[in-house]
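Written below as structure tokens is the structure these notes are about.
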Amino acid sequence: MLLSRFWYVVLSVGLALAMFLLYLAAAVSNRNARKTAGRLLTASSQAVSWYLKDDARTRASALIPLAFHPDIKDGLAKSSKTENFKEVEGAAKDKERKALASFAEATSQTDQIVFDAIWAIDAHGRVLANYNYEQGTGSDHFEMGGYSVVADALHGWVRDDAWVFNNQIFRVVGTPVETELGGTPVGCIVAAKIVDDRFAQAISDRTGAAVAFYAGATRVASGAPAEFDKSSLEVTSADMAEVEKDADYVEKGRTSARLLRELPGLDVTAIFARLPGDAWDLGAGYVVGHRQATVADPFEFQKLADETDKSSVPILWIALLGVAAALLGLIFSVFEHTVPLHKFRRATSELGDKRSNVDVLKPSTFRGVYKKIAQHVNDGLDKIAAAAGVDRGPADMERVLGPLPAQPQMSAFAVPKSTAKVSQPEPSVPGVASGSIPGIPQPRRSLPKRADGAPASFPPSESTPPPGNPMPSNPPMAAMQAQRVQADDEATLVAPRPGQAIPGGNAGGAPMADGNDGEIYEDEETQWRRVYQEFVALKRKLGEPTAKLTYEKFRGTLQRNKEALMQRHQCTRVKFRVYEKQGRAALKASPVK
């Protein structure tokens, strides 16, 4: 399952990387949007400021014809020469009022320069006549000499200013009135335009900016493009409290770009600027706003994308990449999951089929976890059979461990043995079993018993001395020829022929090790050589080829299977037995506790 698991890791890392890049892209997009909004706001705020200055110059220029009107000049000249204002009331005042009204009507028809109020002020700052502003008529005379724009105009300057009356903002311009060119002004004309929604919308149409005028903490007028919601430019007392803390706003009259509203998927940033003149100290100003779309999560990119954005995405290549990744994952899953699972299912179905002679799984034919499952299944079958009192017999090496290879696989630490065939028994030290080490106890096997409980005996061989003669000087050999070695329960039976020594043993001594309790065990090397000879003899009997079956190959196979069974069953040794199976020579391996 290495490839499948590796592919899962690759896909997981790819998905995590894609999500990381998407969130990173969202953060970068929001940061760039706010930076761009700041630049656009700065430009828009400057555009509004330039528009207000240009509008003031245009309105001041529009007052020049009114300043040269004969009735205006004569009336202001007479009023400026006398301290008694009542002396100029009457016909002169009525003429000036008509002149102001006629000028206002003429300008209103052009739909370009519109004045909501006009005042004719003499050199003493007294209002001689007005248009559309009745304050100052009658006995209460209205003086405006205290306004800076009036004072500058009376000194010959053309000025503009902003006034705040009754929570209304007025854009004001003043121009001097002279009887002689370059002479002392006899008065001035002051005209005002109320800053309302129409005025603000005209600014927005000319500059493309969303602008709102405020007086104190109250929005008095606003104008914006069609796609902009003007309600988002609403100014509250909390907003103004924060703005008043801005050092740039206090010192320079303008803030930097700041977040005004944070709406779902939309941020409104704004720049606050004060109106110059008398309105500065009254907290009057304007705010220019800009909306930029923000991305809270990567899935909102789809909402912001239009058809042009969607058409630029290589959907075909993305789809092909996804299909290729899915197919590759399915291929890995089939080879590492589906195929082994089907193989294991077929093996278990054969195990449960009554027509099949399979009664055990072959763990060596499986891989990965299925190999361990097969071992557990075999252990479970053994436990169930033992609990039911059924003797399953010795384990079949080929059925348990699979087909035995013809060429043994040597370990990296194994010492290679000679591949020459052994035609004669190997010499051994008299009195010591072949393959054993003196002084080290060897595995023991018990003597077989007859039905009456007495130890079994065998006919004497040619080398056995007759009764009454002294025993030979090699007692272990005599004892081996007189006894038959048999293991407990499933032990392999060993019966040497009379007069013939076991291959691998010493001709003058017995390849046996005597235990402390009198039981005699055959050493492993002697047993394997005997099993090898029996296996070869049976194969020849059944007509099977034996030319390539050397003892070294045979011994390597037994050694590997012995280690596997000892590790699996935690046994002390393993017995091998030769038998005929379906007309062929076979081996059975039995673990011995």
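Just so you know, all these numbers are worked out from the coordinates, no wet-lab data involved. Small disclaimer: the values here were computed from a predicted structure and weren't measured. Here Cβ is always computed from backbone atoms with ideal geometry, including for glycine, and neighbour counts include all displayed protein chains.
Cross-link pairs exceeding 22 Å between alpha carbons, from the set K53/K193; K541/K588; K371/K562; K53/K98; K383/K539: K53/K98; K383/K539. Let me know the shape class of region 63-194, please: from the alpha-carbon gyration tensor, a ≥ b ≥ c as square roots of the eigenvalues, rounded when a/c is under 1.5, otherwise prolate if a/b is greater than b/c, or oblate. The shape class here is rounded. By other beta-carbon atoms within 10 Å, ranking M144, M566 with the fewest at the front produces M566, M144.
In angstrom, the C-alpha Rg and Dmax of region 315-386 are 18.4, 65. The Cα-based radius of gyration and maximum Cα-Cα distance (Dmax) for region 262-318 are 19.9, 65 Å.
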